[in-house]
Amino acid sequence: MDNPARYMLTAALPYANGHLHVGHLTGAYLPADIFARYLRLQGHDVLFVCGSDEHGAAVTMRALAEGSTPLEIVNKYDSSFKSSFKKVNISFDIFHRTSAELHHETSQEFFRKLNSNGDFIEIESEQYFDAEAGQFLADRYIVGTCPKCQYENAYGDQCENCGSSLSPRELINPTSKLSGAKPELRMTRHWYLPLDKHESWLKDFISNGNLNGQPHHDVKKWKNHVIGQCKSWLENGLAPRAMTRDLDWGVDVPSEIAGSEGKKLYVWLDAPIGYISASKQWAMDQGNPDAWKKYWQDDESALVHFIGKDNIVFHCLIFPAILKAHGGYNLPVNVPANQFLNLEGQKISTSRNWAVWVNEFVEELPEYIDVLRYYLIKNMPEQRDSEFTWKGFQEANDNELVNNLANFINRVVVLTNKYFDGKVPQPDPNEGIIGSDYADEFSFLDAELLRLYDMTYAVHESIMKYDFRAALQGVMEISSMGNQFLQNNAPWKLIKSNEQGTANVLNHGLQIIYVLGHLLSPFLPEKARELLSKINVSLDERSDAILDMMNKMAEGEELLKANHKIEEAFHLFSRIPDDVIQQQVDKLHKQGSLSSDKEEINNLKSTIDFATFQQLDLRTGTILEAEKMKKADKLLKLTVDLGFEKRTVVSGIASHYKPEDVIGQHITLVANLAPRKLRGVESQGMILMTENEQGKLVFIRPDQTVSNGSEVS
Ligand SMILES: [Zn+2]
């Protein structure tokens, strides 16, 4: 394997002012967990850390709103996170918290180092001060009238009515949320990180994957949207960014530094350092306080940050600048940020309570935790926003986990118990050969094992590219292949004429189950454990079991030996009753208020497999003739040249195009759509169109001239 032996993996620190929802899970924690679990099973040395992000004005705001204290708030959500993560089996090596003393010390050490290096500049500016409360006001502590839409409850950083981002000085009639007083402007002095000075190396880092002029990481492995967002920041020019705040909740600016009184570290300076303090705490817990260093400071170790798209700039530009300024730390080799998950056609919203909360899911539907993981991975918003629907959740379970995976496993186990006394049958590659499509140099079993190895390797490659949807699909394809293999060889018939052939078929079926049990482990850890226990295989999740399995397969060695005893038949998954789903849908609509403003969501249709896509026959063509249809304002009757034949196509484009406008146009046609009659004319295909921003239909066609009838694939 050409990958580093050691990995430092971090997952975004959840902010301790609300519970976790499914969008958080699929955004950062599931991808990180799959990667961590898989790397461990490949024999890599992995440290996987996370923790609660407990500072910042939003925590104090929440305390104010709940009539509580910041400490009570962070304790409440920290324990909620811990319990939720444990129940959905996120395999952190440690879940730490930024209120810990060790974290305060670590962050202050960073501040001291950067300050003494001369990496900060100090800037004095006017900021709002609440004279009654005797403190400067964070942006969120100031409300007033939005200058853009006149909404009266806009915050100092954003108007939630029109979405504009604001600065406190722009608000009309600002008032303090603390005392209700009108705040006054006072001078205050803060430390800034002059990001403009880091721009040039950051450009080389993001665009070319270089650090100090040397190759550092492979930019081709980074997601386009991550690089795109960073480049757009870099192109706009980076500005000095305040690293301290006037707050009473957070990490103190070290007291020996002049002017530190009343100043706290900016939450975005202290939060990512939380990954380092978590690693230090982990090392202390191991009884080896220096053990964290090899993960952060040894250049043989690869640092990867798993986050949502809202944290890209902090992890790709600001935190690397802090690490580099400090010196002695690795910079990330990748930041595979995900986009957002929507819910039942709406954006997930904490304030509107439009969410599926993880702490409630694990209480109400504990038997479906791995189904939730499955559905969230299958719909992971890796490249674009995706959507959670309860119907989709049920369908993924019933159609894929029950009908495909559980069905395959059950059939093999039932037949093995029935014909071979519940023992792995002795294979004989030279006897009982079945099928005729195996090349001469391979026996039936060799050829099948090779196919299984190739499919396993494809899963491996997808995981190493952070393409977890494709990886999970690859695992499910192994199960589909298993079902097809059973169907083709029909052991229930074969047993009557060829016992050794049947033994070969079921032996291989059991090898497939062994592989599935291992490959499912990073994705569905509980179900994988359950599956393997039914074939009496124990999997140590902290061992190199997958590496070992793949090595054996590559050598052509059997995974499950003949005569190995398996258990009775079982159902790994079962159907989810309609009423369970309906209850959740009802609950969501009862608890949540629908968004009043129309939010744009790209409603993607559900995933289809490649074979389904291949059933489409798309061809290029040219429109030869066009005429208006009688008594149909919207329809044109077209004659399309496909090179090898001409087709009549009725198309609903008459309100966008005159017949003379479309003659000679190159188009793309769905050529194998069942013909249908429209106003008495049989239409033999459908022309692909899209809508431009003005709502006009436009043709989809090749950007260069190609022959009519060319296949589109
Ligand atoms: Zn507004």
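I'm checking my understanding of the structure. Among residues of the range 147-206 that are within 13 Å of the ligand (Cβ to nearest atom) and charged (D, E, K, R), which one is nearest to Phe136 (Cα to Cα)? Spell out how you get there, then give the answer.
Taking the range 147-206 and keeping what is within 13 Å of the ligand (Cβ to nearest atom), we get 147-166, 170-172.
From what is left, the residues that are charged (D, E, K, R) are 148, 152, 157, 160, 170.
Values: Lys148: 25, Glu152: 22, Asp157: 15, Glu160: 23, Glu170: 17 Å.
The selected residue is Asp157.
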#### Entry: Selected residue (criterion: surrounded by the most Cβ atoms within 10 Å (Cβ to Cβ)) from residues of the range 441-470 that are over 17 Å from Met549 (Cα atoms) and within 19 Å of the chain's Cα centre (by Cα)
Phe468
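Report, by residue number, each residue of the range 48-74 that is outside any helix (DSSP H, G or I) and small (Gly, Ala, Ser). Don't jump to the end; show me each part of the working.
Step one: of the range 48-74, the residues outside any helix (DSSP H, G or I) are 48-56, 67-69.
Within the range 48-74, Gly51, Ser52, Gly56, Gly67, Ser68 meet the criteria.
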### Query
Which number in (1) assigned to a loop (DSSP other than H, G, I, E, B); (2) buried (at least 17 other Cβ atoms within 10 Å of the Cβ) marks the one condition that Lys630 misses?
(2)
### Query
Of these, Ala278, Ala239, Ala271, which one is of a type in the set (A, V, I, L, M, F, W, C), in contact (Cβ under 8 Å) with a residue 40 or more places away in the chain and in contact with a Gly (Cβ under 6 Å, 6 or more places away or on another chain)?
Ala278
### Message
Let me confirm something: among Trp268, Trp282, which residue is modelled with pLDDT under 95, assigned to a helix (DSSP H, G or I) and either out of contact with any Cys (no Cβ under 7 Å at 6 or more places or on another chain) or under 14 Å from Ala100 (Cβ atoms) (or both)?
### Response
Trp268
#### Entry: Test: residue in the range 139-146 that is at pLDDT 90 or above and of a type outside the set (Val, Ile, Thr)
yes
### Query
Hey, Val22 hits all of (1) more than 21 Å from Gln339 (Cα to Cα); (2) in contact with a helix residue (DSSP H, G or I) (Cβ under 7 Å, 6 or more places away or on another chain) but one; which does it fall short on?
(1)
### Task
Determine whether the range 86-108 contains at least one residue that is outside the structural domain of Asp270 (by TED's automatic domain parsing) and either within 16 Å of the ligand (Cβ to nearest atom) or among the basic types (Lys, Arg) (or both).
no
### Index of the failed condition, Gln484 passing every other in (1) closer than 18 Å to Asn407 by Cβ; (2) surrounded by 18 or more Cβ atoms within 10 Å (Cβ to Cβ)
(2)
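Which members of the range 559-583 meet the condition of being under 35 Å from the mean Cα position of the chain (by Cα) and in a loop (DSSP other than H, G, I, E, B)? Working first, answer last.
Looking only at the range 559-583, we keep the residues that are under 35 Å from the mean Cα position of the chain (by Cα), and these are 559-560, 569-583.
Scanning the range 559-583 gives Leu559, Leu560, Ala569, Phe570, His571, Leu572, Phe573, Ser574, Arg575, Ile576, Pro577.
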### Task
Residue by residue through the range 179-201, note down the ones that are among the hydroxyl-bearing types (Ser, Thr, Tyr) and surrounded by 14 or more Cβ atoms within 10 Å (Cβ to Cβ).
Ser179, Thr188, Tyr192
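Keeping to the range 485-516, report how many residues are assigned to a loop (DSSP other than H, G, I, E, B) and in contact (Cβ under 8 Å) with a residue 24 or more places away in the chain. So that I can check it myself, show each step before the final result.
Our first condition is that a residue be assigned to a loop (DSSP other than H, G, I, E, B); within the range 485-516, this holds for 490, 495-498.
Checking the rest, the ones that are also in contact (Cβ under 8 Å) with a residue 24 or more places away in the chain come to 495, 498.
Total satisfying the criteria: 2.
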### Task
Would you confirm whether any residue within the range 202-219 is out of contact with any Cys (no Cβ under 9 Å at 6 or more places or on another chain), closer than 28 Å to Tyr128 by Cβ and of a type in the set (D, E, K, R)?
no
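If the requirement is being out of contact with any Gly (no Cβ under 9 Å at 6 or more places or on another chain) and either part of a helix (DSSP H, G or I) or surrounded by fewer than 18 Cβ atoms within 10 Å (Cβ to Cβ) (or both), which of these qualifies: Ala325, Ala302?
On the way: Ala302 fails: either part of a helix (DSSP H, G or I) or surrounded by fewer than 18 Cβ atoms within 10 Å (Cβ to Cβ) (or both).
Answer to the selection: Ala325.
Each row is one residue, and each column tells you yes or no for (1) modelled with pLDDT under 90; (2) small (Gly, Ala, Ser).
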| position | (1), (2) |
| --- | --- |
| Phe610 | yes, no |
| Leu618 | no, no |
| Met629 | yes, no |
| Lys637 | no, no |
| Val650 | no, no |
| Ala654 | yes, yes |
| Lys677 | yes, no |
| Gln684 | no, no |
### Task
Considering only the range 115-124, state which residues are surrounded by 11 or more Cβ atoms within 10 Å (Cβ to Cβ) and either more than 39 Å from the chain's Cα centre (by Cα) or in a strand (DSSP E or B) (or both).
Ile121, Glu122, Ile123
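The values are calculated or read from the model by the stated rules, or taken from the named source; none is laboratory data. Since this is a predicted model, take the numbers as computed values, not measurements. Here Cβ is always computed from backbone atoms with ideal geometry, including for glycine, and neighbour counts include all displayed protein chains.
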